[in-house]
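Novice: One structure, as structure tokens, below. Some questions next.
The values are calculated or read from the model by the stated rules, or taken from the named source; none is laboratory data. This one's a predicted model, so the numbers in the text were calculated from it and none came from an experiment. Neighbour counts are summed over all protein chains in view; Cβ atoms, including those assigned to glycine, are modelled from backbone coordinates with ideal geometry. Areas reflect the complete protein model, heavy atoms only, side chains present, ligands, DNA and RNA absent. Shrake-Rupley method; radii C 1.70, N 1.55, O 1.52, S 1.80 Å.
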Amino acid sequence: MKEAGCRLLIVGYESGDQQILKNIKKGATIERARQFTKDCHKLGLVVHGDFILGLPGETRDTIKNTINFAKELDVETIQVSVAHAYPGTELHEFAVKNGFMTSDTKMVDDGGHQMVQIEYPGLPAAEILEAVHHFYDEYYFRPKAAYRILRKAVFDNSERKRLYKEARTFLKLRAQRHKWVKDNRKEAPTPEPAKA
């Protein structure tokens with residue numbers, strides 16, 4: 001592929017938890033994704049990994065598994081999205097049937113930020129959005145990822161300009177995401193304490 005001119009692969013890993021992959025009928029395994037990524041690294045192919053939080057069966061633990069899996073894969077760049085339940089899909093039917101749809105069914109807000117449509121018992125919508133924010137921070141603020149970015153910037157002027165522009169955009173979006181999560185955390189209802 002590389003000899004034919006391929007320089008970047010966009011890979012939909014979706015989750016780093018095998019049960020989540022089974023729940024969405026991905027037809028892939030964590031081990032196969034791991035080996036595929038190793039093979040891409042050996043061939044010198046750049047990989048951009050896509051992940052989705054809020055898929056059926058998502059918990060705090062499965063989110064941690066996905067973040068850890070992404071860091072283990074150590075792909076060049078990532079995108080983290082939230083699951084959206086499009087009408088007519090199995091996910092939409094599942095969410096409606098089980099009462100998991102939030103009252104706000106918009107996929108994005110007026111600023112273009114992703115909204116969470118599905119929340120699970122013990123995993124409210126605001127927490128899923130906060131996990132997206134946390135995912136990016138844990139991934140990109142690791143020494144290995146920071147070193148990779150800085151190494152490129154030091155040795156290539158055009159790459160330095162591109163990375164500077166991307167870094168500014170990323171930090172601006174990060175600040176907006178952080179503010180949005182903070183504001184929505186305040187608005188989220190406080191769960192009632194369990195009765196003994």
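Novice: Let me know the shape class of segment 97-146, please: from the alpha-carbon gyration tensor, a ≥ b ≥ c as square roots of the eigenvalues, rounded when a/c is under 1.5, otherwise prolate if a/b is greater than b/c, or oblate. Write down the numbers at each step before the final one.
Specialist: Working: a/c = 4.21, a/b = 1.85, b/c = 2.28.
Oblate shape, in that a/c is at least 1.5 and b/c is the bigger or equal ratio.
Novice: Please identify every one of the GluC sites (Glu not before Pro) in segment 1-88 that sits in a loop by DSSP and has no more than 10 other beta carbons within 10 Å of its own beta carbon.
Specialist: Working: sites: 3, 14, 31, 58, 72, 76; in loops: 3, 58, 76.
Those that pass, being in a loop and sparsely packed, are 3.
Novice: Write down the Å³ per residue value for the convex hull defined by the alpha carbon atoms of the chain.
Specialist: On the way: hull volume 31.3 nm³, N = 196.
Hull volume normalised by residue count: 160 Å³.
Novice: Something else about it: If you take every residue apart from residue 155 with its C-beta less than 14 Å away from the C-beta of residue 155, what net charge results, scoring Lys and Arg +1 and Asp and Glu -1?
Specialist: Values: positive: 148, 151, 152, 160, 161, 162; negative: 156, 159.
Here the count lands on +4.
Novice: At 0.36 nm per residue, minus the direct Cα-Cα distance, what do residue 149 and residue 18 gain on full extension? Give it in nm, one decimal, please.
Specialist: Values: separation 131, 0.36 × 131 = 47.16 nm, distance 3.01 nm.
Once the chain is fully extended between residue 149 and residue 18, it gains 44.1 nm.
Novice: Could you pull out which residues in segment 131-172 have an amide N less than 20 Å from a spot 7 Å beyond the Cα of residue 7, following the Cα-Cβ vector?
Specialist: 148-167
Novice: Okay, next question. Please compute the modelled spin-label separation between residue 61 and residue 26, points set 7 Å along Cα→Cβ, answer in nm with one decimal.
Specialist: For residue 26 paired with residue 61, the spin-label model returns 1.7 nm.
Novice: Taking the Cα atoms only, what angle lies between the long axis of helix 157-187 and the longest principal axis of the chain, rounded to 10 degrees?
Specialist: Once rounded, the angle reads 10 degrees.
Novice: Using only Cα atoms, what is the ratio of the radius of gyration of segment 1-74 to 2.2 N^0.38 Å? Write down the numbers at each step before the final one.
Specialist: Details: Rg = 13.0 Å, N = 74, 2.2 N^0.38 = 11.3 Å.
With N residues counted in segment 1-74, Rg over 2.2 N^0.38 Å equals 1.15.
Novice: How large is the helix-only mean residue ellipticity at 222 nm for the chain, computed as the sum of -39500 (n - 2.57) over DSSP H runs with n ≥ 4, divided by its residue count, in deg cm²/dmol to the nearest 500?
Specialist: On the way: 7 runs with 102 residues, N = 196.
One gets -17000 deg cm²/dmol as the mean residue ellipticity at 222 nm.
Novice: Projected onto the charge dipole of segment 57-177 (+1 at Lys/Arg Cβ, -1 at Asp/Glu Cβ, origin at the Cα centre), which of 65, 169, 136 gives the Cα projection farthest towards the positive end?
Specialist: Towards the positive end, the residue furthest out is 169.
Novice: Counting other Cβ atoms within 10 Å of each Cβ, which chymotrypsin sites (Phe, Trp or Tyr not before Pro) in segment 56-148 have at most 10 and sit in a DSSP loop? Intermediate values should be presented prior to the final figure.
Specialist: On the way: sites: 69, 94, 100, 135, 136, 139, 140, 141, 147; in loops: 100, 141.
Hits after loop and neighbour filter: 141.
Novice: Gain in length, residue 137 to residue 175, computed as 0.36 nm per residue apart minus the alpha-carbon separation, to one decimal in nm? All intermediate terms of the calculation are to be shown ahead of the outcome.
Specialist: Numbers: separation 38, 0.36 × 38 = 13.68 nm, distance 1.13 nm.
Result for the pair: 12.5 nm of gain on full extension.
Novice: Separate question: Can you give the extra length, in nm with one decimal, that the chain gains between residue 113 and residue 45 once fully stretched, where that is 0.36 nm per residue apart less the Cα-Cα distance? Show your work: numbers first, answer last.
Specialist: Details: separation 68, 0.36 × 68 = 24.48 nm, distance 3.03 nm.
This chain segment gains 21.4 nm when fully extended.
Novice: Also: Step by step: find N for segment 42-82, compute 2.2 N^0.38 Å, then divide the Cα radius of gyration by it. What's the final number? It would help to have the intermediate numbers written out before the result.
Specialist: Working: Rg = 11.6 Å, N = 41, 2.2 N^0.38 = 9.0 Å.
Rg over 2.2 N^0.38 Å, computed on Cα atoms: 1.28.
Novice: If you don't mind, another one. What is the sum of charges around residue 59, taking Lys and Arg as +1, Asp and Glu as -1, for the other residues whose C-beta is under 15 Å from the C-beta of residue 59? Walk me through the numbers on the way to the answer.
Specialist: On the way: positive: 22, 60, 64; negative: 17, 58, 61, 119, 127, 130.
Its environment carries a net charge of -3.
Novice: Per residue, how much accessible area does the chain show when a 1.4 Å probe rolls over the protein heavy atoms, in square angstrom? Please list the in-between numbers first.
Specialist: On the way: 12310 Å² over 196 residues.
Spelled out: the 1.4 Å probe surface of the chain, per residue, equals 63 Å².
Novice: Please go through segment 1-70 and write out the trypsin sites (Lys or Arg not before Pro) that DSSP classes as loop and that have at most 12 other C-beta atoms within 10 Å.
Specialist: 2, 7, 25
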